[in-house]
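The values are calculated or read from the model by the stated rules, or taken from the named source; none is laboratory data. Treat the numbers as computed from the prediction; the structure is a model and nothing was measured. As a convention, Cβ positions derive from the backbone with ideal geometry for all residues, glycine included, and neighbour counts pool all protein chains shown.
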Amino acid sequence: MTFHQPPPLPDQPPQGAGPFGLGAPTGPGRPAGDRRRWLKYGGVALVSLLIGVGIGTSSGSAETGEATAADTKAGPRPTATVTETADLEPAPTVTETETVTAKPKKTEKPGPATTFSGEGEYLVGEDIKAGTYKTAGAEDEFGCYWERASDASGEFESIIANNNLDGPGRVTLNKGEYFKTNRCQEWKRVG
């Protein structure tokens, strides 16, 4: 009795075939003879290396004795000196920095003003500086009124001098007096 192998099923590769039914896989994109070629070249290289080492060892040992004797008879060998010129980089530039502390300009101590508004009451020597002041006149048609007083009571008896101005005017103020101004333009010290 003879056994026959049944034909392969359509979705199975033949027995002994690779996953694609083409035979045993040989690697990614390499033909089957590639491995044999590497073994052949590797073997030739190894044999050549061994022959070269053997030739070098046998000829070197005979010549070594002669070469050593010749070297001692000949004396010192000449030496060669190689001089290289290095590219020089320019020397770094040294920058010196001097720190100077600036002294603030002397400013006048804050004190009494030398200009002030034409509306208000001021203590001469504390609010405004003593001296002669000038105004351009009234701010509006009602006129400019100014008053020098000995105190801030507002009493008639404390008035030293007063005036109503229609145009420019001047007044001299002394330290300790009170100066009252109404509806006047700015006052500026002139002396």
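Checking each residue in the range 147-164 for being touching a Phe, Trp or Tyr at 6+ places or on another chain (Cβ under 7 Å), closer than 17 Å to F116 by Cβ and of a type outside the set (G, A, S) picks out only R148. In the range 124-135, the residues that are farther than 7 Å from P112 by Cβ form Cβ pairs under 7 Å with partners that are of a type in the set (V, I, T), at six or more places apart or across chains, as follows: A130/V124; T132/T172; T132/V190; Y133/V171; Y133/V190; K134/V190.
Out of R183, R148, R189, I need the residue that is surrounded by 12 or more Cβ atoms within 10 Å (Cβ to Cβ), in contact with a strand residue (DSSP E or B) (Cβ under 7 Å, 6 or more places away or on another chain), among the basic types (K, R) and at positive phi. Which one? Before you say what the answer is, go through the steps one by one.
Numbers: R148 fails: at positive phi; R189 fails: at positive phi.
Result of the check over R183, R148, R189: R183.
With respect to (1) under 56 Å from the mean Cα position of the chain (by Cα); (2) surrounded by 14 or more Cβ atoms within 10 Å (Cβ to Cβ), the lone exception for A91 is condition (2). Return yes or no: is G120 more than 11 Å from F179 (Cα to Cα) and either without any contact (Cβ under 8 Å) to a residue 24 or more places away in the chain or not charged (D, E, K, R) (or both)? Judged against the criteria, G120 is not a match. Between T101, T64, the distinction of being at pLDDT 75 or above and of a type in the set (S, T, N, Q) belongs to T101 only.
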